[in-house]
Structures are given as C-alpha cells and as structure tokens.
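Below is one structure, written out as structure tokens, with a few remarks after it.
Any read-out appearing in this document is the output of simple, stated calculations on the displayed coordinates, not a laboratory observation. Computed from a predicted structure; not experimentally measured. Note: ideal-geometry Cβ built from the backbone for every residue, glycine included; neighbour counts use all protein chains shown.
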Amino acid sequence: TTPETQAMNFDDIRSKINAGGRLSRPEGEYCLTEAPLMALGELATLARRRAVGEHAYYQYNYNINYTNVCENECKFCAFYRKEGEG
C-alpha cells in the first residue's frame, strides 16, 4: 500500500467510472491491491458493457518462429531445442 492508495475510497472510484471517467495510475493500483473483488468485478462489467455492449472479443496470438533453436533457453516453449539437439 502506498500513501496515495491509503487515502482512496472505492465509492469515489465507482462514482468516477459511473461518470465515464478514466482511472489514474494510483486509482488503478488501489483497484489491483485494495478494492473489494466482487464490487470491482461489477464495476468492470459496467465499464465493458458501456464500451462494447454484450460482445466479447478475443485474438489469436500466433508467433510463427522460423527455427526452434532458442538462445534464451526458456523452458516454457513446447518446441524449445538447444542447437544440435534432435
């Protein structure tokens, strides 16, 4: 908790969102760390409905690599191989 977020109130943030305002960085940090989760979810739903209605959007993230040789040696890639391995 930062001094900026300690002085915040969720009702003030709710009023700002209801009026169509945008959150400041400290307000966003407050929502991330301090805000009541269920109330925050309801507020997020309101903002989403206002922005796009009942539509949901998603995007495929294709990363087409030209090689499976990885110099970073991260273990999260399903195709990871060291140079010279099968």
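Just a few scattered comments:
- Restricting the first member to the range 39-61 and to residues that are within 21 Å of D12 (Cβ to Cβ), and the second to residues that are assigned to a loop (DSSP other than H, G, I, E, B), the beta-carbon pairs closer than 8 Å and six or more apart or on different chains are R50/G20.
- For beta carbons closer than 7 Å, sequence separation of 6+ or different chains, a first residue in the range 21-38 that is of a type in the set (G, A, S) and a second that is assigned to a helix (DSSP H, G or I), the qualifying pairs are A35/F10.
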